[in-house]
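The values are calculated or read from the model by the stated rules, or taken from the named source; none is laboratory data. This structure is a prediction, so every number in the text was calculated from the model and none was measured. Positions of Cβ are generated from backbone atoms using ideal geometry, with glycine treated the same way; all protein chains shown enter the neighbour counts.
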């Protein structure tokens, strides 16, 4: 496997986005997950999904004085006690549909029986392609859409380089503290793309094989934004971003998004907040929407009076340049933050609000 692929898996684990490794038997999927767990200092629980019963994930019914309870298994209790870790679901493609159905809440919500696993528990799965697995199934679409799917293949040169010295992980990136502050900006970019290509928000595949991998949905685009923020914070680079985004929303939608983002050549919202006077409305409507949404997201993730007023100055400049309608979504998010108390203590930008008063009144925000 390439070093970039291993790094992408590490970033997905650290970002706590469920990841599924697809590869032939003997390609080192389990060994890599075990090594990553040790490298990241996370307890590891390995569960062979194909030999489990639905009750192993939905909980075993136990009768108590106050009624029937769904008792979680021992491995779930160990992860809960540790407060963090990796739940590794091996051979998930050979788990029968009833077991896959029981796994739905485990994968997305990290709930086992009546036990909610800590938020610092990551979910990783591994699978052989159905044609290579005895009694294998395509993943059900609801299950597949909960994962970021990564193809796991043996890179010949990497194997030649490492075969004589034993299995070693490449240096894996670590997410810095506060990396989640970048999620709103990444989500703003995704929103701008979907505004331009609304048909890609929810595009269910036409065949069962494609439906068992990554495909565009409201859920997977939200996960993609989280992964983009994590990849940027980790310095993963374009190749790593492409691996993660393709795994979340499918290669077609991912490629279109990455090309669209590259063509936009957007300014950094932090540069604009430092110098609002430098704001010039992009010619393209989707680029203007992306810039203004990113400015609002950046301010709300790190709120100060100076940044708050700078954001409103930029919104006012957008209105002056004839784009009050394009700025509407960003203005609404700022106004909602003020009304809901998330912008408590911030000054009222009376002058900058003027172009947007009809919009805010119509939305019930004034």
Quick one: what pairs do we get from segment 142-158, first residue farther than 19 Å from residue 15 by Cα, second surrounded by 15 or more Cβ atoms within 10 Å (Cβ to Cβ) and modelled with pLDDT under 75, C-beta under 8 Å, 6+ apart or different chains?
152/1; 153/1; 154/1; 155/1; 158/1
Of the conditions (1) closer than 16 Å to residue 185 by Cα; (2) part of a helix (DSSP H, G or I), residue 306 fails just one. Which one is it?
(1)
Against the definition (touching a residue at least 60 places away in the same chain (Cβ under 8 Å) and on the phi > 0 side of the Ramachandran plot), how does residue 28 come out, yes or no?
yes
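Does residue 50 satisfy the criteria of being farther than 30 Å from residue 235 by Cα and crowded, with 21+ Cβ neighbours inside 10 Å? Full working, then the answer.
Values: farther than 30 Å from residue 235 by Cα: yes; crowded, with 21+ Cβ neighbours inside 10 Å: no.
Against the criterion (farther than 30 Å from residue 235 by Cα and crowded, with 21+ Cβ neighbours inside 10 Å), residue 50 does not qualify.
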In segment 71-100, how many are farther than 23 Å from residue 10 by Cβ and under 22 Å from the mean Cα position of the chain (by Cα)?
1
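If I ask for residues that are outside any helix (DSSP H, G or I) and surrounded by fewer than 23 Cβ atoms within 10 Å (Cβ to Cβ), which ones from segment 1-16 would you list?
The first filter runs over segment 1-16 and keeps only residues outside any helix (DSSP H, G or I), leaving 1-2, 15-16.
Result: 1, 2, 16.
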Going by the structure shown, is residue 152 at pLDDT 95 or above, under 24 Å from residue 6 (Cα atoms), touching a helix residue (DSSP H, G or I) at 6+ places or on another chain (Cβ under 6 Å) and surrounded by 17 or more Cβ atoms within 10 Å (Cβ to Cβ)?
no
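Residues are listed down the side, and each one gets a yes or a no for (1) in contact with a strand residue (DSSP E or B) (Cβ under 9 Å, 6 or more places away or on another chain); (2) at pLDDT below 90; (3) crowded, with 23+ Cβ neighbours inside 10 Å; (4) within 23 Å of residue 176 (Cα to Cα):
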site	(1), (2), (3), (4)
232	no, no, no, yes
244	yes, no, yes, yes
254	no, no, no, no
264	no, yes, no, no
314	no, no, yes, no
320	no, no, no, no
335	no, yes, no, no
340	no, yes, no, no
Among (1) surrounded by fewer than 15 Cβ atoms within 10 Å (Cβ to Cβ); (2) modelled with pLDDT under 90; (3) in contact with a helix residue (DSSP H, G or I) (Cβ under 8 Å, 6 or more places away or on another chain); (4) under 23 Å from residue 139 (Cβ atoms) - the single one residue 204 does not satisfy
(2)
Tell me the residue from 41, 59 that is closer than 18 Å to residue 117 by Cβ and either outside the structural domain of residue 168 (by TED's automatic domain parsing) or in contact (Cβ under 8 Å) with a residue 40 or more places away in the chain (or both), please.
59
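Would you mind stating whether residue 186 is at pLDDT below 90, in the same structural domain as residue 39 (by TED's automatic domain parsing), surrounded by 14 or more Cβ atoms within 10 Å (Cβ to Cβ) and part of a helix (DSSP H, G or I)?
no
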The number of residues in segment 189-213 that are part of a helix (DSSP H, G or I) and under 18 Å from the mean Cα position of the chain (by Cα) is 7
Scan segment 277-295 and tell me whether some residue there is assigned to a helix (DSSP H, G or I), at pLDDT 90 or above and more than 27 Å from the chain's Cα centre (by Cα).
yes
Residue 225 meets each of (1) in a loop (DSSP other than H, G, I, E, B); (2) in contact (Cβ under 8 Å) with a residue 40 or more places away in the chain; (3) surrounded by 16 or more Cβ atoms within 10 Å (Cβ to Cβ) with one exception, condition (1)
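I'm checking my understanding of the structure. Among residues of segment 75-103 that are assigned to a strand (DSSP E or B) and within 13 Å of residue 127 (Cα to Cα), which one is modelled with the lowest pLDDT? Give the steps one after another, and end with the answer.
Initially, segment 75-103 is screened for residues assigned to a strand (DSSP E or B), giving 85-90.
If we keep only those that are within 13 Å of residue 127 (Cα to Cα) as well, we get 88-90.
On the way: 88: 96, 89: 95, 90: 92.
My answer is 90.
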Before we move on, is residue 116 surrounded by fewer than 17 Cβ atoms within 10 Å (Cβ to Cβ) and modelled with pLDDT of 90 or more?
yes
